[in-house]
1. Over every pair of different alpha-carbon atoms in the stretch 31-119, take the mean of 1/r and invert it; report that Kirkwood radius in Å.
2. I need the fraction of alpha carbon pairs in the stretch 72-111 separated by more than 13 Å, rounded to a whole percent.
3. Identify all aspartates and glutamates with a Cα-Cα distance to residue 86 below 13 Å; exclude those on the same chain that are fewer than 8 residues away in sequence.
4. With charges only on Cβ, +1 for K and R and -1 for D and E, what is the dipole size of the chain about its Cα centre, in debye, rounded to 20?
5. For the stretch 1-73 and the stretch 90-124, what is the separation of their Cα centres, given in Å?
6. Which chymotrypsin sites (Phe, Trp or Tyr not before Pro) in the stretch 30-114 pass both tests, a DSSP loop state and at most 14 other beta-carbon atoms within 10 Å?
7. If one puts a single equal scatterer on every Cα of the stretch 1-78 and applies the Debye formula without solvent, what log₁₀ I(q)/I(0) results at q = 0.13, 0.17, 0.18, 0.21 Å⁻¹?
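What follows draws every value from the coordinates through simple rules; no lab data is involved. If you're wondering where the values come from, they're calculated on a predicted model, not measured in any experiment. Backbone-built Cβ (ideal geometry, glycine too); neighbour counts: all protein chains shown.
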Amino acid sequence: VQLQASGGGLVLAGDSLRLSCAASGLTVRSYSMGWFRQAPGKEREFVAVIKRGMSSVYYTDSVKGRFTISRDNAINTVYLQMNSLKPDDTAVYYCVADQAWNIRYDSPAEYPIWGQGTLVTVSS
C-alpha cells in the first residue's frame, strides 16, 4: 500500500496549487482519504477529508471556502485544490487513508496509512 503525494511548491500569497495523492494497493473510494499538514515547529494539523461511503467532506475552519478535496475513482487519486493561499498555509502536506467506517477524522492517530508529504511554501 502506498500513497504518493505531489504538487507542492513555492507560490505567492493569493496563488493556487493542486495537490495530488496517487494511491496504489488500495481503492480510494473504499477508504476515507484525507490531508494533514505540519508547519515547522508545530503539531500535525487536520486539513480535509473525504469519507468513504457517502463521500462526506470536512475541512478545518481555516481552509473552508478556499480548499476543496475531491477524488477521481477512475485513476485512484485524491486531490486538494488550494486557492487564495496564505503564508500560514506553509507546511508539509500529507495524504492519509483509513478503511474504518467511523473515525474521528480530524485525529492523525486514526489514519494508519500516510504518504511521504509534499512541501507547500507560500511567500508574502
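1. After inverting the mean inverse Cα-Cα distance, the result is 13.2 Å.
2. The share of Cα pairs beyond 13 Å in the stretch 72-111 comes to 69 percent.
3. Output for residue 86: 15.
4. 220 debye
5. About 7 Å separates the Cα centre of the stretch 1-73 from the one of the stretch 90-124.
6. 101
7. -0.43, -0.73, -0.82, -1.08
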